[in-house]
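Student: Have a look at the structure that comes next, please.
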């Protein structure tokens, strides 16, 4: 009986001590907490992470090398937030010096089809292709099926016309160009000025040349997430600063066959 009373008394004493500790902690003056934020595998320093004291609503952002500082009391909760990284909340008094964040799925930049964008150009080319096909009698985009060679499959003249005529050659070139531009748009959704500037700091001219020199292919970016993008940009930037020679920017072009070469 006495042991039961003693255990009950101990539990009460512990609760009293916890309440007292919280009261003391709440009266402690705020102090500045510092640290560094990296990706979960510690391979990337994360910049522009928003650090918020959820008790006071004060906030700051991590620097280019991932370092940060924020004023808080030991009992305040601190949130680490960024559109591309999973949010993490930590009590200030238990906050480690190294904050590890996990990647989110890649957030793609929305492309608005206006003016002279690539998407608008593709729409114009599609219309041009249809108009030319009607005018020139092209039914298979310059790639006639083999069954046209069958006496019962259709007019075999159509096969040779689509395959060897100027109209057929133009149709194939136009289709190839449109397909390339569609792939370019998919890459642009991931590898663009906004996504790159969120990782490295370049002026406008350097950024344009960086994009040209290190532009990945669609096959490379097809399964990328935010982490893969960060690693690719960081590695490319390391090479870029070793050889920062600016290159002439390319221009898009589509050659249409109009007649025999002289």
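The values are calculated or read from the model by the stated rules, or taken from the named source; none is laboratory data. What you see is a predicted model; the values in this text were computed from it and never measured. Cβ sites come from the backbone with ideal geometry, for glycine too, and all protein chains shown count toward neighbours.
Student: Of all residues in the range 29-44, which are surrounded by 14 or more Cβ atoms within 10 Å (Cβ to Cβ) and at pLDDT 90 or above? Full working, then the answer.
Tutor: Here is the first cut: in the range 29-44, the residues surrounded by 14 or more Cβ atoms within 10 Å (Cβ to Cβ) are 30, 33, 35-39, 44.
Those that are surrounded by 14 or more Cβ atoms within 10 Å (Cβ to Cβ) and at pLDDT 90 or above: 33, 35, 36, 37.
Student: I'd like the full set of residues that are assigned to a strand (DSSP E or B) and within 27 Å of the chain's Cα centre (by Cα), limited to the range 70-89. Break it down into steps so the answer makes sense when it comes.
Tutor: At the first step, the residues of the range 70-89 found to be assigned to a strand (DSSP E or B) are 70-72, 77-82, 85-89.
Across the range 70-89, the qualifying residues are 78, 79, 80, 81, 82, 85, 86, 87, 88, 89.
Student: Let me ask something additional. Hey, can you tell me all the residues within the range 28-51 that are within 18 Å of residue 102 (Cα to Cα), part of a strand (DSSP E or B) and touching a residue at least 24 places away in the same chain (Cβ under 8 Å)?
Tutor: 35, 36, 37, 38, 39, 50, 51
Student: Keeping to the range 52-69, report how many residues are touching a strand residue (DSSP E or B) at 6+ places or on another chain (Cβ under 6 Å), assigned to a loop (DSSP other than H, G, I, E, B) and either within 10 Å of residue 92 (Cβ to Cβ) or at pLDDT 95 or above (or both).
Tutor: Counting residues in the range 52-69 that are touching a strand residue (DSSP E or B) at 6+ places or on another chain (Cβ under 6 Å), assigned to a loop (DSSP other than H, G, I, E, B) and either within 10 Å of residue 92 (Cβ to Cβ) or at pLDDT 95 or above (or both) gives 1.
Student: Here is a list: 93, 115. Which entry is at pLDDT below 95 and not in a loop (DSSP other than H, G, I, E, B)?
Tutor: Numbers: 115 fails: not in a loop (DSSP other than H, G, I, E, B).
Within the list 93, 115, the selection yields 93.
Student: Can we say residue 47 is crowded, with 18+ Cβ neighbours inside 10 Å and under 21 Å from residue 228 (Cα atoms)?
Tutor: yes
Student: If you don't mind, another one. Which residues, taken from the range 138-161, are in a loop (DSSP other than H, G, I, E, B) and at pLDDT below 75? Outline the logic, then answer.
Tutor: So the first thing to find is which residues in the range 138-161 are in a loop (DSSP other than H, G, I, E, B), and the list is 138-145, 150-155.
Passing the criteria: 150, 151, 152, 153, 154, 155.
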